[in-house]
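Let me begin by presenting the structure, written as structure tokens, before commenting on it.
Each reported figure results from applying straightforward, stated rules to the coordinates on display, with no laboratory input. The shown structure was predicted, so the numbers you read here are calculated from the model rather than taken from an experiment. Note that each Cβ is placed from the backbone with ideal geometry, even for glycine, and that neighbours are counted across all protein chains shown.
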Amino acid sequence: MTREITAIYPSNIALVKYWGKRGDQLPCNASISMTLRKSYTEIKLACTPKKNSEMELEYYFEGKSNDGFRERIIRYVCRQKEFAGLLKNYSLRIDSKNSFPHSTGIASSASAFAAIAAAFLKAEDQVTDSQFNRKASRLARLGSGSACRSFYAPFSLWGKLEGIDNSSDEYAVPIRGIHDNFKSLRDSILIVEEAPKKISSSMGHALMKDHPYAKARYEDANNHCRELLTTLRTGNFESFISITEREALSLHAMMMTAKDYYMLMIPGTIYIINQIFRFRELSKLPVCFTLDAGPNVHLLYPGSAEEEVHYFIKHHLTHGIKSVIYDQAGTGGSIF
Ligand code: PMV
């Protein structure tokens, strides 16, 4: 009899960025992210018992089998010893779909690997509820580093930070005691380019290996994590804005100062950032931006500022925006 597991896991946007890795997908610095609500991957994993010893694993993305992601998923699943029993005894079919369009600056590999790791772990059936998220987070990390942060909401920390007891390079942990100011945080993703990225994150991470500023960057990011942990608990918007924006620019500065330098920001990105600075100054509202490894801008603001910010987006960001995805801090994933 076929058993079917459904895993729905959200993507996340880093506020303090993971950029540079070592060993088996271990981070060179700690990072903090906000887990999204509406941007998620839904995986259906169908497991049918089989007798033969050959691996049978099919992968369909939005109903089609010829997706480029397929090879990466299969390689990942085969590498995890935790999934060996499942691969040996069952014929497996994965059906995956995203709630958001492709190449929009939403990390689809984060939500996809979170959902896949969770679905396979659940199918293995050996994990108690109290261990589930930690184990799934570690396994998701091995598929895509940032995926390990998608198990906790609204914010999570990944990476060992001295003085922060439960922090680890192996898996992410939830951040407790979040101030009300940040519980309703909105993320409006302003799409200036829909084309897939020219340089993958893996290539970007690799360029940190002999980057002249790597050491300073890792220290800076760890300090930002410590400061942001306090900020998220005290509700200080001023500090939130300064850490978040500095992190975004610092990530792009690493790309622009690598030996094989490159630039992902385009004129639309700079135009929007400048409009955000102007809007913040005039409105005195706590709005700010972050960037992922791409040109699209994530506009962050509390729920209380929604009306004014939506007006700003519609009437003052008139050039170059192709579309907007209105997302916000989420509540986590689900599996059944
Ligand atoms: O998880 P990866 O290998 O796709 O790397 C993610 C890197 C950034 O998205 C730029 C930053 C982050 O912390 O998510």
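Which of (1) away from the ligand (no atom under 16 Å from the Cβ); (2) free of Cβ contacts under 8 Å to residues at least 60 places away in the same chain; (3) within 28 Å of K284 (Cβ to Cβ) does A216 not meet, given it meets every other one?
All conditions are met except number (3).
Looking at segment 10-49, which of its residues are under 15 Å from the mean Cα position of the chain (by Cα), among the hydrophobic types (A, V, I, L, M, F, W, C) and either in a loop (DSSP other than H, G, I, E, B) or surrounded by fewer than 24 Cβ atoms within 10 Å (Cβ to Cβ) (or both)?
Once the filter is applied, which keeps residues that are under 15 Å from the mean Cα position of the chain (by Cα), among the hydrophobic types (A, V, I, L, M, F, W, C) and either in a loop (DSSP other than H, G, I, E, B) or surrounded by fewer than 24 Cβ atoms within 10 Å (Cβ to Cβ) (or both), segment 10-49 yields W19, A30.
Considering only residues that are free of Cβ contacts under 8 Å to residues at least 24 places away in the same chain and either on the phi > 0 side of the Ramachandran plot or aliphatic (A, V, I, L, M) (or both), which ones fall in segment 92-143?
Listed by number, the residues that qualify are D125, V127, A136.
Would you check if there is a residue in segment 68-80 being touching a Lys or Arg at 6+ places or on another chain (Cβ under 7 Å) and either part of a strand (DSSP E or B) or of a type in the set (D, E) (or both)?
Taking segment 68-80 first, the residues touching a Lys or Arg at 6+ places or on another chain (Cβ under 7 Å) are none.
Checking segment 68-80: not a single residue is touching a Lys or Arg at 6+ places or on another chain (Cβ under 7 Å) and either part of a strand (DSSP E or B) or of a type in the set (D, E) (or both).
What number of residues within segment 286-326 are crowded, with 22+ Cβ neighbours inside 10 Å and of a type in the set (D, E, K, R)?
Count: 1.
Would you check if there is a residue in segment 85-94 being in a helix (DSSP H, G or I), of a type outside the set (K, R), in contact with a Cys (Cβ under 9 Å, 6 or more places away or on another chain) and within 30 Å of G159 (Cα to Cα)?
Keep residues of segment 85-94 that are in a helix (DSSP H, G or I), which gives 85-89.
Retained after the next criterion (residues that are of a type outside the set (K, R)): 85-87, 89.
Restricting the remaining residues to those that are in contact with a Cys (Cβ under 9 Å, 6 or more places away or on another chain) gives 86-87, 89.
Applying the additional criterion that residues be within 30 Å of G159 (Cα to Cα) yields 86.
Within segment 85-94, one or more residues are in a helix (DSSP H, G or I), of a type outside the set (K, R), in contact with a Cys (Cβ under 9 Å, 6 or more places away or on another chain) and within 30 Å of G159 (Cα to Cα).
Does segment 148-169 contain any residue that is surrounded by fewer than 24 Cβ atoms within 10 Å (Cβ to Cβ), in a loop (DSSP other than H, G, I, E, B) and within 14 Å of the ligand (Cβ to nearest atom)?
yes
Among the candidates S39, S11, which residue alone is within 13 Å of the ligand (Cβ to nearest atom) and either closer than 26 Å to H102 by Cβ or touching a residue at least 12 places away in the same chain (Cβ under 8 Å) (or both)?
Numbers: S39 fails: within 13 Å of the ligand (Cβ to nearest atom).
The unique qualifying residue is S11.
In segment 239-272, what residues are away from the ligand (no atom under 16 Å from the Cβ), in a helix (DSSP H, G or I) and out of contact with any strand residue (DSSP E or B) (no Cβ under 6 Å at 6 or more places or on another chain)?
Residues satisfying the conditions are S239, F240, S242, P267, G268, I270, Y271.
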